[in-house]
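The values are calculated or read from the model by the stated rules, or taken from the named source; none is laboratory data. Just so you know, these numbers come straight off a predicted model, no measurement behind them. In this analysis, Cβ positions are derived from the backbone assuming ideal geometry, glycine residues included, and neighbour counts consider all displayed protein chains. Heads up: the accessible areas ignore ligands, DNA and RNA and are worked out on the full protein's heavy atoms, side chains in. Shrake-Rupley method; radii C 1.70, N 1.55, O 1.52, S 1.80 Å.
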Amino acid sequence: MEANDSDSSDSVPVMSVAELMKKQRRVVFHTGNIASKVKMPHQTTTDEIITRVEGVIRKTVDVPAVLATESCSPLVRHPVFSSKLTPEERDNQSITLKVFVTRWKRELVLEAVHRTLLELGVSFVDLLVVGFPQADADLDHLKVIWEPMEQLSREGVASSLGSSELDVDQLKCLNDWASVKPKVNQVNLAYCCKIPEDLARYAKQSNIELYTHNDEREIFPETRVQDMLAKALGPEWAGQRGGPDNNDEDNNNIVGVASGGGGSSTAMPAAAAELGTGTGTGVVAVSDNEPWHCSWVARYSTVIKMRGIMSFKGYLVCLEQSS
């Protein structure tokens, strides 16, 4: 991406990430394609998210100031790592998108999916999986999150749907009720050592594939959000918890070019806005002491068909300041 021409009278005013976050209650960060980046040994999914989002913050010098007045939450992307798929790449790759939501709100699913589609430059994903806010949810709670998943499936945004961390009773209740049934259920062996026999038996009878994964149930805890912001922007960003003993030099330890996320990449399409994805509130006055937390995380990965090689992987992370 080319830097703005500072001599042009039409240049867009810019602000730092810190300034943007002081004017907004919600900001989305995009790591870009990190498929070529080696994951550190024993690094968890949460660790990887923190490392990559902190990298976006540190390497982004300026974002267009106009972002602070948009109706949808502004997006800050990594200034170097590209994520757009060409039409040829899309035809030859299968896309899996997993969305982790931290609250029982349908609009979080819709926002996460549509923002990801815009960033990738695609109109649909092959498999859309959702991670529910808590493990011991009843069917009434599961419905809140699954209904927007079904909506996305009917609109052609997702070819297949999947769930995560459902036990056999939850999976049966969801499968019996749903009009668009899950094709996949992810199981974390870190919590159960092996797939329970009753779950395996029911999944086989219902033509549901069981995949294993190692994502944490609480994908980005608030305490770790505070620690990451304190490390990337300074201890004052640790909210009411305080933070690490960072000095002022850390605030200036950033290099790179303007990443922005301006232009069409941050403007939600009309159809997406109707689905409730424009949840930002424009410029707002917020207290510096109000802590930030994670609203949702979207992880995309693409695999080249017939070869099984991952070529794209990245995260979109929505951080929100508590009110």
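Structure notes:
- Test: residue in the stretch 82-100 that is hydroxyl-bearing (Ser, Thr, Tyr), touching a residue at least 60 places away in the same chain (Cβ under 8 Å) and either touching a His at 6+ places or on another chain (Cβ under 8 Å) or under 25 Å from Glu218 (Cβ atoms) (or both): yes
- If you go through the stretch 179-205 and keep only what is at pLDDT 95 or above, outside any helix (DSSP H, G or I) and surrounded by fewer than 16 Cβ atoms within 10 Å (Cβ to Cβ), you end up with just Ser179.
- Being at pLDDT 95 or above, surrounded by fewer than 17 Cβ atoms within 10 Å (Cβ to Cβ), in contact with a helix residue (DSSP H, G or I) (Cβ under 9 Å, 6 or more places away or on another chain) and more than 28 Å from Val157 (Cα to Cα) is a condition met by no residue of the stretch 241-255.
- Matching residues in the stretch 11-34 - criterion: being over 17 Å from Gly55 (Cα atoms) and aliphatic (A, V, I, L, M): Val12, Val14, Met15
- Condition met for Arg217 (open to solvent by 40 Å² or more (accessible area, probe 1.4 Å) and closer than 25 Å to His293 by Cα): yes
- Matching residues, the stretch 68-86, being open to solvent by 30 Å² or more (accessible area, probe 1.4 Å) and either in a loop (DSSP other than H, G, I, E, B) or hydrophobic (A, V, I, L, M, F, W, C) (or both): Glu70, Ser71, Val80, Phe81, Ser82, Lys84, Thr86
- Scan the stretch 96-124 for residues that are of a type in the set (Val, Ile, Thr), within 11 Å of Tyr300 (Cα to Cα) and touching a helix residue (DSSP H, G or I) at 6+ places or on another chain (Cβ under 9 Å) and the total you get is 2.
- Within the stretch 47-66, considering residues that are open to solvent by 10 Å² or more (accessible area, probe 1.4 Å) and among the acidic types (Asp, Glu), the one farthest from the chain's Cα centre (by Cα): Asp62
- From the list Asp136, Asp176, the lone residue that is among the charged types (D, E, K, R) and at pLDDT 95 or above is Asp176.
- Residue count, the stretch 22-58 (criterion: within 16 Å of Arg77 (Cα to Cα), of a type in the set (A, V, I, L, M, F, W, C) and out of contact with any helix residue (DSSP H, G or I) (no Cβ under 8 Å at 6 or more places or on another chain)): 3
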